[in-house]
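Input: a single structure, listed below in structure tokens.
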Amino acid sequence: MTVTINGKFPAKYMKKNAIVTITPELRGNKGYTLRAEEGTSFQGKKVRNNFQTISYDRGGNFTMRQSFDYAEPLHRSELYLNIVARQGKKETKQPLVKVASGIIATSELYQKALTSEQPCLAPDSFQRVTNQKMEAQVKFLVNQANLRKSELASNSVKDFVEMLRKINREHESLNLKNVEVLGYASPEGDFAVNDRLANQRQSVSEDFVKGQMKQARVAGDVTSRYTAEDWDGFQKLVAASNIQDKDVILRVLSMYQDPEQREQQIRNMSEGFRELADGILPELRRARMIINYETVGRSDEQLKQQYAADASKLSLDELLYTATLYENPAESEAVYKKAAELFPNDYRAKNNVGVMEMIRGNELNALDNFQEAMDKGKQPEAYANMAMMALQHGGLDTAEEYLSNATGAAGMNRVLGTLNIAKGNYGLAQQNLKGESSNMAALAQILNKDYSAATQTLAGIKNGDALTDYLNALVLARTGQNDKASEFLRKAAFADPSLATFADSDIEMQNVKK
């Protein structure tokens, strides 16, 4: 904490050959005293030194700044100045001068706020509904649009048909969204011919798809369209190929937008065009058939039932998600422990067991689990939780070191905001905690003197506690509403006697009736 002292030497005080040294001293509860290691010296006009010179005739103003390490006994303290004057070998100690009473230690409430902050749970990636697609492709001979048996016997078409049947069989876990049919023609030749061919290829492929859907007893929309000259597909295949004039062909495509000019320029490269005719163009005479579907996972109740019956049949992400379904922390922790047992190489379950132990106040067990999680690699949530535990004990440097490895952790901004409150960076803390409805977020806003935002945040806290009431009292006291502040302060003190003790030493509450 920093103390700033503005003072003035009166006229006729500073002798021309004198040095006056002023050393601040804080005196707190139970005889606790903290004196600055070095004072600030001032000199008269005739002294040959580098201290601030004070005129004997006029006196002079001065400003001193001194930093002290905060300790709890200093919460209710008084600031004194030790003044020592020297003239030659003569030294005179002046009586102690009291200049201020009390320290605003509101920022220290961050440790109290931490008790209700949620540690960082490693997230699951469970999704009940996941979008999927399966694609089959059939190719056509040049200038033809009939589906050949050899193409319909390909593995991709067989898999396509089987997926339609599977969707029918497993309709509870698979949901058909739609089927797309896309017909194409290669870009060489007459546009009108290519337009007709692409349309026909789309049409025969659409009929095939509808027939297979009917046989599989699957209902759904079929959307169809065609591309007469597939220049985009052409460019992708050329770019991925090793043909001789590849770079030249790609430059032609970028320089010419007119299809006829493109084709003529490419045909002029006789050797390059032969490679295209043999290796690229046949791949573009095709139709694509795409099944868009959803996989539907177990419901919440089904997940709980499966966990109770045989947890080993659940994936790690299903287990991590299942743990969040229980209101009883002990049940959640049991699921996380089972996940850690079944998937020992993944850090998330161990981290989350540590979180549950931390919430229960079992610090040593929490530390062990976080350490195991960190041993599995650079795992961000475990480091963030270690930082949070360090902050609970005032270990700012340790917390900062842990946070340097917590980039990307879920909930990291909550811990970073707390660290910035402890370091006095209140504006940054408010930014870190933006969108949070918590005591910590409200504390940052109060310290940053954004009382309107703090009032809204406090009103939005679900299941507020004694500290919520104390912070409400603090906002009201700072805005001159002491009577209303008194109501909240009394509620806070009744619910948490430690806040009553804090209020007795809190100069921000000195005008609030307790």
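The values are calculated or read from the model by the stated rules, or taken from the named source; none is laboratory data. Just so we're clear, the structure is a prediction, and the values are computed from it rather than from any experiment. Neighbour counts are summed over all protein chains in view; Cβ atoms, including those assigned to glycine, are modelled from backbone coordinates with ideal geometry. Accessible surface areas use protein heavy atoms only, side chains included; no ligands, DNA or RNA. Shrake-Rupley method; radii C 1.70, N 1.55, O 1.52, S 1.80 Å.
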- [ ] Residues that are touching a Lys or Arg at 6+ places or on another chain (Cβ under 7 Å), in contact (Cβ under 8 Å) with a residue 24 or more places away in the chain and closer than 17 Å to LEU316 by Cβ: find the helices (runs of 4 or more DSSP H) completely inside region 342-399 holding 1 or more of those.
- [x] 347-359, 363-375
Open item on the list: Give me the residue from region 171-210 that is outside any helix (DSSP H, G or I) and among the aliphatic types (A, V, I, L, M) and, out of that set, farthest from PHE273 (Cα to Cα).
Closed with: LEU174
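Just for helices (runs of 4 or more DSSP H) wholly inside region 228-338: which have at least 2 residues that are open to solvent by 50 Å² or more (accessible area, probe 1.4 Å)?
Details: elements: 231-239, 246-255, 259-267, 270-275, 281-284, 300-310, 316-323.
Once the helices (runs of 4 or more DSSP H) in region 228-338 are filtered for at least 2 residues that are open to solvent by 50 Å² or more (accessible area, probe 1.4 Å), what remains is 231-239, 246-255, 259-267, 270-275, 300-310.
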Task: Residues located in region 208-227, provided they are surrounded by 14 or more Cβ atoms within 10 Å (Cβ to Cβ) and more than 23 Å from LEU174 (Cβ to Cβ) - done: TYR226, THR227
Task: Residues being under 16 Å from GLU135 (Cα atoms) and of a type in the set (A, V, I, L, M, F, W, C) - total across region 282-319 - done: 5
Open item on the list: Please pick out the residue among THR418, THR455 that is open to solvent by less than 50 Å² (accessible area, probe 1.4 Å), under 29 Å from GLN510 (Cβ atoms) and in a helix (DSSP H, G or I).
Closed with: THR418
Open item on the list: Exactly one of these conditions fails for SER55: (1) out of contact with any strand residue (DSSP E or B) (no Cβ under 8 Å at 6 or more places or on another chain); (2) polar (S, T, N, Q); (3) closer than 25 Å to THR501 by Cα. Give me its number.
Closed with: (3)
Open item on the list: Could you list, ordered by first residue, the pairs with Cβ atoms under 6 Å in which the first is in region 486-514 and within 13 Å of LEU474 (Cβ to Cβ) and the second is part of a loop (DSSP other than H, G, I, E, B), at least 6 apart or interchain?
Closed with: SER486/VAL512; SER486/LYS513; LEU489/VAL512; ILE507/GLY102
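What do you reckon, is PRO344 loosely packed, with under 15 Cβ neighbours inside 10 Å and touching a helix residue (DSSP H, G or I) at 6+ places or on another chain (Cβ under 7 Å)?
Numbers: loosely packed, with under 15 Cβ neighbours inside 10 Å: yes; touching a helix residue (DSSP H, G or I) at 6+ places or on another chain (Cβ under 7 Å): no.
It is false that PRO344 is loosely packed, with under 15 Cβ neighbours inside 10 Å and touching a helix residue (DSSP H, G or I) at 6+ places or on another chain (Cβ under 7 Å).
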